[in-house]
Amino acid sequence: MKRIAILGSTGSIGTQALEVIAEHPSEFSVEVLTAQNQADLLITQALAWKPAHVVIGNEAKYAEVKTALAGTEIQVHSGAKALEEVVTLDSVDIVLTALVGYAGLLPTVKAIKAGKPIALANKETLVVAGALIMPLAREMGVPILPVDSEHSAIFQCLMGESHNPIEKVILTASGGPFRGFSREQLAQVTRAQALKHPNWSMGAKITIDSASLMNKGLEVIEAAWLFDVKPSEIEVVVHPQSIVHSLVQFEDGSIKAQLGLPDMKLPIQFALGYPNRMKASFPRFDFRQYPSLTFEQADTQTFRNLGLAFQALEKGGNQACLLNAANEVAVAAFLEDQIGFLAMSDLNEYCMNQGTFIANPTLEDYIESDKLSRIMAQEWVDKNRK
Ligand code: NAD
Ligand code: MG
């Protein structure tokens, strides 16, 4: 029985993880559930799953959660610090980082230091501080099991290949709702259009990132850290059907791919159950329903975020941390209708260029870089409001 801490249980990944756990009651149990603002759903989940601990990030909602769970054994905590503590509990066997954004960094560091395997959905943690996280995980002997579908695909392709060098990893991208759009068209797109992803239903931030190809950029950086590959060994190919989840090319030219219907429950289950494949009742892929799987070049001229992510990866240091912080501010401002779609990559580029570069950052440097980049980004938003 694996006892799981789910950070971000009320989100898209978090709720799907609970569906996976519900299908495998003898393999998994829920030890910790956490949410930032959605107190009502957290309470419902807590009453259903009876975890030992819950954390509500927003301290203003503590009393509401505490009162609702008063008649139970469940311990209620609140605030960002509590997240860093619950991941270290002896009763936690694996931590699923299903929270969004930079907020994942410190709890992940604490969990690794406590020796907990990480099922990693929160890609921002590796984008911000992969240079710190990966060596720490190796030192602690802790596996980082990817939940992101592309990285899960690559991870699956690499099973049994540890002695064979990777020539290239090929990340597939759906292209999002604006595939084929010109910059003139992108200048006009609305929040509502950007929130309609063709293949996946996800949280708001990653949905906007998918529309701007920032998500693929973040995934390029995530892949570099997870699989120890150079920027030149990572290729992005647009595959609108989202059936081939990603591929690995070896030194003999052979390419392995992992395929399946677009359903995040599969990579979530694979990470939680690793190294075992468990039975699943998900619908199966049927070739007859997909007579053509197509592939095309990613357009980094139009979707500049993807190019910026490669640049940040090449430059190293705290560059991707600056980019990530800027992008979190940019996406929030776009969702508030304060800036347009194309302004997001302008803002990202501005913070990458203007932020103070640190070649070998410490954890404190990452924390400071994130903070300063956010301030700079917010000032840019205030000056460039629509
Ligand atoms: P979501 O917005 O649906 O859910 C986010 C969760 O994190 C919620 O439970 C929320 O309460 C919590 N949260 C938000 N801000 C927080 C904060 N500051 N501190 C603590 N908790 C906070 O997001 P999602 O779509 O489930 O994505 C979660 C992560 O997984 C992201 O990093 C995303 O990139 C990654 N991911 C998601 C998908 C997907 O299909 N949704 C696929 C691949 C990777
Ligand atoms: Mg992905």
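The values are calculated or read from the model by the stated rules, or taken from the named source; none is laboratory data. Model, not experiment: these values are computed from the prediction. So basically every Cβ, Gly included, is an ideal-geometry build from the backbone, and we count neighbours across all protein chains shown. Ligands, DNA and RNA are excluded from the accessible area calculation, which covers all protein heavy atoms including side chains. Shrake-Rupley method; radii C 1.70, N 1.55, O 1.52, S 1.80 Å.
Some observations on this one:
- Stretchable slack from residue 289 to residue 337, in nm (0.36 nm times residue separation minus alpha-carbon distance): 13.4 nm
- Kirkwood hydrodynamic radius of the stretch 8-115, from inverse mean 1/r over distinct Cα pairs, in Å: 13.8
- For the chain, the alpha-carbon coordinates run over 57, 51, 41 Å along the three principal axes, in decreasing order.
- Pairwise centroid distance, computed over Cα atoms, of the stretch 122-140 with the stretch 163-182, Å: 22
- For the stretch 79-119, the equivalent ellipsoid derived from the Cα gyration tensor has semi-axes of 15, 11, 8 Å, listed largest first.
- Table column - 3J(HN,Hα) (Hz), the stretch 312-317, Karplus curve with 6.51, -1.76, 1.60, x for Gly and Pro: 4, 5, 4, 6, x, x
- Principal axis analysis of the Cα atoms in the stretch 52-164 yields extents of 55, 25, 24 Å, listed in decreasing size.
- A Cα-only calculation for the stretch 145-264 places Rg and Dmax at 15.0, 49 Å.
- Note that the chain presents 43 Å² accessible area per residue, ligands and nucleic acids not counted, probe 1.4 Å.
- For residue 147, the solvent-accessible surface computed with a 1.4 Å probe is close to 0 Å², ligands and nucleic acids excluded.
- Within the accessible area of the chain (1.4 Å probe), percent carbon and sulfur: 51
- A Förster distance of 35 Å, applied to the separation of the beta-carbon atoms of residue 89 and residue 138, puts the FRET efficiency at 0.90.
- Contour minus Cα-Cα distance for residue 204 and residue 50 (0.36 nm per residue): 52.6 nm
- Between residue 70 and residue 386, the contour length at 0.36 nm per residue exceeds the Cα-Cα span by 109.1 nm.
- Under 5 Å, built H, 5+ apart or other chain: amide partners of residue 28: 2
- Largest first, the three principal axis extents of the alpha carbons in the stretch 317-383 are 36, 17, 16 Å in whole numbers.
- Largest first and in whole Å, the equivalent-ellipsoid semi-axes of the stretch 101-213 read 31, 19, 11, each the square root of five times a Cα gyration tensor eigenvalue.
- Residue-level accessible surface for residue 113, protein heavy atoms, 1.4 Å, Å²: 120
- Calculated translational diffusion coefficient of the stretch 239-334 (37 °C, 0.692 mPa s; Stokes-Einstein with Kirkwood radius over alpha-carbon pairs) equals 192 µm²/s.
- Hits among lysines - C-alpha to C-alpha of residue 279 under 16 Å, sequence gap 8 or more where chains match: 265
- Set of lysines near residue 81 by C-alpha distance (under 26 Å), chain-local residues within fewer than 8 positions excluded: 2, 50, 61, 66, 110, 113, 116, 123, 205, 371
- Area of residue 274 that stays accessible when all protein chains are in place (1.4 Å probe, Å², to 10): 80
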